[in-house]
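*Asks:* Can you keep this structure in mind? I'll have questions shortly.
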Amino acid sequence: DETHDRCHAAAHHGCVRRRAGAVPAAVLAEIRPHVDDLARDSGLEMAPGRFVLELRPPGTDKGTTLRRLVADTAARTVVFVGDDLGDLAAVAALRSLDVAGLVVCSDSPESPHALRREADLVVDGPDGVVAFLAAVGQHAHAGPRGRRCPHGNDVFAGHARELLGDLRDERLLLVGVV
């Protein structure tokens, strides 16, 4: 199992390294009492998600964290990548901010329908996110708008151009999970 620091929040992924034959839900059920104890002892709150138990300061969520990141970085353009119910708070925050924003859903069979519906772009899991980010990177260095990105990423690059404009002159913040 692995714990990640995510801007003053921690996520304990019970399915990162599953034991052979273990079902993710069963693994989470097994570790949940320990995570509950850790949350109580450290003054954090536990929020369940898709195959994850998140620990975070009381009263915070991904939306409050995204707002703080945008304010701290003076970002004018934000790409948020999500794959879980807990990401909906960040989507709502992004929609309320005065920035150019793009929400990408890293889709899987377990992805919540609400996230797919709210996303500007739905890609096929982590591999789709990597392809999208590669296209965004190519576009950011491509020169004038309208230049085609190489390597078959034109569809993703088109979404990047349409929704984010010319990235070369923007303060871009990429936020998300894969």
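The values are calculated or read from the model by the stated rules, or taken from the named source; none is laboratory data. The model shown is predicted, which means the values in this text are computed figures rather than measured ones. Positions of Cβ are backbone-derived with ideal geometry, glycine not excepted, and every protein chain shown enters the neighbour counts. The area values use the complete protein model at the heavy-atom level, side chains included, leaving out ligands, DNA and RNA. Shrake-Rupley method; radii C 1.70, N 1.55, O 1.52, S 1.80 Å.
*Asks:* Could you check the spin-label model distance between LEU85 and ALA26? Points 7 Å from the Cα along Cα→Cβ, value in nm.
*Replies:* In this crude label model, LEU85 to ALA26 measures out at 2.3 nm.
*Asks:* At a probe radius of 1.4 Å, what is the per-residue accessible area of GLU30, in Å² to the nearest 10?
*Replies:* 100
*Asks:* If you roll a 1.4 angstrom probe over the protein chains with everything in place, what fraction of the accessible area of segment 85-136 belongs to carbon and sulfur, to the nearest %?
*Replies:* Details: 1280 of 2280 Å².
About 56 percent, which is the carbon plus sulfur part of the accessible surface.
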